[in-house]
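Below: the structure, in structure tokens.
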Amino acid sequence: MIRTVKPKNARSKRALDKKQPKIVENVKTALFVPGQTTNQALHDICIDFASLKEPYQKRLHKKNKILPFEDASSLEFFSEKNDTSIIVLSTSNKKRPNNLTFVRMFNYTVYDMVEMQVMGNFKLLKDFKTRAFQVGLKPMFTFQGQIFDTVPVFKQVKSFFLDMFRGEVTNLLDVAGLQWVISISAVEEDENNESVSKFPLVHFRVYKLVTYHSPEPKLPRVELVETGPRLDFKIGRYQLASAEAQKEAFKIPPQLRRKTKKNVETDMLGDKVATIHVGKQDLSRLQTRKMKGLKSRYDQHPEEEPADVIEEEEDGQEKKRQKLE
């Protein structure tokens, strides 16, 4: 671990502040580290990956003797020194040729990692016709295969590629910026073939969106043109994140938690539904139209006419007789 020192000037203080935890984290930067036994093929593949990751990438040129599954202290040192949360280590030997180890870091410690061997039928960017797209654009993703939602290691692979290439998280979308697609698929292999791993191969493809004129006036014809790199991976060793690390990494800051309103919910269609609690109503105090028939003394059954009403009617008849006489 790198020892922390007190900043001596404003510049060093700003540099340390950038490494501090933030409410909304920055885009994850990838660090490409060549191992002691790397080769030219892995070097070219890492360069292509770095070009897709631009501008959030760093590359080391000196070879390093690192065994990530035995001792990951060197990777943690590189992560803290370069302020990177994704590390891609390239190694090759007789037992595991053309091997790429993808490592994710959390708080400058290893979160999880997966080892993937590059098959020999790969193609680089230079092997395709040049159809460049602008640097820094967010790609679209397609994951083909149910295995990416069922098997834990393939869930890990899916999460890693999303973290690596997703770029800046934003709610704004410009259609002109949708220029390239990353397609990742997993095809079941023959179980009798012992040359492949027990997991299906992971096929990594990159395409560019090309629009052409179409008969319809406002809808262009869209086609996908492969731009490379084209890679096939075989899953090797892997290390999943521990339960404690997952709980710590998935914490949401209080500032970003959505404040729940009492008795207000949202249904499946996105409509807001509210629950209103009304107290007990006393209808006797309800203000109504002042009519003689609405008086309480007339609120009786017609067969049970009260005696005071009968007396009032008899008095009224006698007064009428006196006036007539």
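A few points about this structure:
- Within segment 64-111, the set of residues being surrounded by 18 or more Cβ atoms within 10 Å (Cβ to Cβ) and β-branched (Val, Ile, Thr) comprises Ile66, Thr84, Ile86, Ile87, Val88, Thr91, Thr101, Val103, Val110.
- Total residues in segment 240-270, condition touching a strand residue (DSSP E or B) at 6+ places or on another chain (Cβ under 7 Å) and in a loop (DSSP other than H, G, I, E, B): 4
- Scanning segment 55-79 for residues that are part of a loop (DSSP other than H, G, I, E, B), in contact (Cβ under 8 Å) with a residue 60 or more places away in the chain and out of contact with any Ser or Thr (no Cβ under 7 Å at 6 or more places or on another chain) gives Pro55, Phe69.
- Qualifying residues in segment 193-208 (those that are closer than 22 Å to Lys158 by Cβ and modelled with pLDDT under 90) - the one surrounded by the most Cβ atoms within 10 Å (Cβ to Cβ): Phe199
- In the set (1) at pLDDT below 90; (2) open to solvent by less than 50 Å² (accessible area, probe 1.4 Å); (3) of a type outside the set (A, V, I, L, M), the condition left unmet by Asp190 is number (2).
- Subset of segment 15-40 [surrounded by 14 or more Cβ atoms within 10 Å (Cβ to Cβ) and either over 23 Å from the mean Cα position of the chain (by Cα) or within 20 Å of Val118 (Cα to Cα) (or both)]: Ala30, Leu31, Phe32, Val33, Pro34, Gly35, Thr37, Thr38, Asn39
- Residues in segment 41-63 that are open to solvent by less than 20 Å² (accessible area, probe 1.4 Å) and of a type in the set (Lys, Arg): Lys53 only.
- Residues being among the polar types (S, T, N, Q) and over 18 Å from the mean Cα position of the chain (by Cα) - total across segment 145-167: 1
- Here is the figure for segment 9-54: residues that are touching a residue at least 60 places away in the same chain (Cβ under 8 Å), in contact with a Phe, Trp or Tyr (Cβ under 8 Å, 6 or more places away or on another chain), over 23 Å from Lys94 (Cβ atoms) and part of a helix (DSSP H, G or I) total 3.
- Note on segment 147-178: residues that are assigned to a loop (DSSP other than H, G, I, E, B) and among the small types (Gly, Ala, Ser) total 1.
- Inspection of segment 304-323 identifies no residue that is more than 30 Å from Phe69 (Cα to Cα), hydrophobic (A, V, I, L, M, F, W, C) and modelled with pLDDT of 60 or more.
The values are calculated or read from the model by the stated rules, or taken from the named source; none is laboratory data. Not measured: the values here are computed from a predicted model. Glycine gets a Cβ as well: all are built from the backbone with ideal geometry, and neighbour counts include every protein chain shown. The accessibility values were calculated without ligands, DNA or RNA, using every heavy atom of the protein model including side chains. Shrake-Rupley method; radii C 1.70, N 1.55, O 1.52, S 1.80 Å.
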